[in-house]
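Chemist: Got a structure here, written out as structure tokens. Questions coming.
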Amino acid sequence: MYIAMVSAECAPIAKAGGLGDVVHGLSRELLALGQEVEVFLPGYDSLRHDLIEGRREVCRGLRVPYFDQWIDCRVDSGEVDGITCFFIESDSPHRFFQRGRIYGEADDADRFAFFCRAVLEFMLTSGRRPDVIHCHDWQTALVPVLLFEMYQRLGLTDVRVCYSLHNLGYQGVVGESILRQVGLDPARLMTPDRLQDPANPRAVNLMKGGIVFSNFVNTVSPRYAWEIQNTEQGMGLQGVLKTHDGKFGGVLNGIDDAVWNPATDRHIPEPFDAEQLDGKEANRRALRDYLGLVQDEKPIVAVVSRLDYQKGVHLLRFGIAHACALDCQLALLGAALDPVVAEQFRRLQEDTEGHPDCRLVLAYDEELSHLIYAGADMILIPSIYEPCGLTQMIAMKYGVVPIARRVGGLADTVFDANYSDRPFEERNGYLFDDLTESALAAAMERAIDLWRNHPEYFRQLQINGMRVDRSWGRPARQYLDIYSHIRVH
Ligand SMILES: Nc1ncnc2c1ncn2[C@@H]1O[C@H](COP(=O)(O)OP(=O)(O)O[C@H]2O[C@H](CO)[C@@H](O)[C@H](O)[C@H]2O)[C@@H](O)[C@H]1O
């Protein structure tokens with residue numbers, strides 16, 4: 001089968017968060033299963049060019065319609081970890097993808113709408129006829145709309161679309177001129193059963209369009225699939241997801257075990273695995289040295305997160321203080337896009353400067369994240385909502401015990417040490433329900449108490465988490481079933 005991944009991110013060359021990991025890990029696994037996979041990305045200037053092999057121009061002067069004009073594009077191809085990627089760059093004063101970063105620009109919707117039209121135009125003119133286009137999140141939601149409203153008639157006849165929702169907090173709600181930009185007719189599409197936003201009848205909801213026009217829609221865990229159909233977590237899209245229930249499901253993400261494997265990880269000083277957990281000790285020491293924490297036998301509580309509303313930033317701030325109050329060591333690695341949140345954490349960083357047991361690194365640093373996972377004992381994940389969450393899965397692979405809120409994919413992967421109905425061998429962390437400081441504090445106290453007073457049980461929790469197969473094998477086969485189900489032949 002020929003699968004075209006269309007995405008705003010692909011790790012490690014263009015990653016802002018978990019979406020990049022998923023596109024990379026799933027594509028690699030599909031290739032390993034003998035499928036033909038190509039990934040289509042914007043040609044950002046911020047791409048990690050050093051990690052792209054054999055980059056070359058494959059198309060110049062691709063005319064992509066834009067309102068009643070067109071913009072010339074250039075398409076390059078290159079290999080990333082054996083995956084063939086195409087990079088679409090616009091040659092116009094808009095400099096859509098020459099902004100030094102992936103997201104956060106005032107015209108993000110225009111940029112990605114343009115990308116959607118450009119990808120289809122490239123497929124059409126280069127003779128590509130994927131069996132399935134797999135799109136991700138709001139940025140690529142216009143692909144199925146354009147395909148069914150326009151490109152099927154132009155020649156992409158038997159192409160079908162699988163659309164994955166990674167985060168309903170970003171739906172792409174914008175003015176209707178976005179439709180005119182890509183050549184679609186607002187009068188036809190601005191209806192309650194198509195692209196009209198459920199809350200604002202004058203606005204377009206791009207994610208809703210992706211849901212309506214795709215052949216199959218999934219989100220990234222079964223629990224989040226249920227939550228977004230049945231609770232406020234749907235953020236206004238509950239109705240449309242219910243309407244399209246027959247083509248909707250949850251597929252739990254995997255993690256790439258070539259990247260996230262403590263036995264082979266090149267970024268950590270001492271390899272270890274579930275059978276040789278003692279190897280973790282050298283990594284704990286290395287982490288303390290790297291961050292300038294004192295070498296003291298205290299539990300290391302970590303945070304590795306985008307510092308975003310979704311991740312429960314107010315509880316993270318409380319958790320940092322509480323870990324210190326409980327005489328633990330604290331290592332935070334986080335980056336904030338929102339200036340208010342960035343300022344809050346910058347102040348916290350200032351306040352904790354020089355503290356022997358507390359270090360906040362406010363940056364995006366992939367390598368340091370490996371060392372933190374390898375050295376930490378526990379990780380805080382107090383998310384307000386969590387479609388799947390890779391952090392807890394990576395952490396557990398490295399013998400880190402998650403302290404997480406019971407939502408979305410966290411509820412599907414973390415099983416409470418004390419209160420789970422699962423056998424002890426499957427329990428691997430601590431959960432809390434209420435979005436309150438006291439609920440987080442109680443879970444932290446249970447975890448820290450076990451670490452201090454029953455180290456042999458704590459070790460067993462670590463091992464339970466490490467033993468679970470979280471590779472892409474199973475999810476990739478589930479996606480293949482979906483693709484086979486929707487493809488034409
Ligand atoms: N400052 C930093 N430095 C280095 N690395 C950092 C970092 N901050 C975060 N990371 C890394 O980024 C990834 C985060 O993945 P998540 O799935 O937890 O979150 P995200 O919300 O971005 O993804 C969204 O999409 C994914 C994929 O579907 C869903 O799992 C998730 O629930 C949804 O919110 C992890 O690999 C983590 O190690």
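Bear in mind that the values in this text are calculations on the coordinates, not laboratory data. Owing to the predicted nature of the structure, the values given are computational and were not obtained by experimental measurement. As a convention, Cβ positions derive from the backbone with ideal geometry for all residues, glycine included, and neighbour counts pool all protein chains shown.
Chemist: Using Cα atoms only, what is the angle between the long axis of helix 455-467 and the major principal axis of the chain, expressed in degrees (0 to 90) to the nearest 10?
Modeler: Value to nearest ten degrees: 20.
Chemist: Another one. Restrict the search to the range 197-231; then list the trypsin sites (Lys or Arg not before Pro) that DSSP places in a loop and that have at most 13 other Cβ atoms within 10 Å of their Cβ.
Modeler: Within the range 197-231, the qualifying trypsin sites (Lys or Arg not before Pro) (loop, at most 13 other Cβ atoms within 10 Å) are R202.
Chemist: Using only helices, what value at 222 nm comes out for the chain when you add -39,500 (n - 2.57) per DSSP H run of length 4 or more and divide by the total residues, to the nearest 500 deg cm²/dmol?
Modeler: -10500 deg cm²/dmol
Chemist: With axes computed from alpha carbons, what is the tilt in degrees of helix 437-453 against the longest principal axis of the chain, rounded to the nearest 10 within 0 to 90?
Modeler: 50 degrees
Chemist: For the chain, which longest stretch is free of loop sites, where a loop site is one of the GluC sites (Glu not before Pro) that DSSP puts outside H, G, I, E and B and that has at most 11 other Cβ atoms within 10 Å?
Modeler: By the stated rule (loop sites, at most 11 other Cβ atoms within 10 Å), 1-274.
Chemist: Also, quick follow-up: Angle between the Cα long axis of helix 280-291 and the longest principal axis of the chain, 0 to 90 degrees, nearest 10?
Modeler: So the helix axis and the longest Cα principal axis differ by about 80 degrees.
Chemist: Still on this structure, I have one more. Are there any chymotrypsin sites (Phe, Trp or Tyr not before Pro) in the range 411-474 that are in a DSSP loop and have at most 13 other Cβ atoms within 10 Å? List them by number.
Modeler: Here the sparse-neighbourhood loop sites are Y419.
Chemist: Among the aspartates and glutamates, select those whose C-alpha is under 15 Å from the C-alpha of K242, and discard any that sit fewer than 8 residues away in the same chain.
Modeler: The qualifying aspartates and glutamates are D193, E227, E232.
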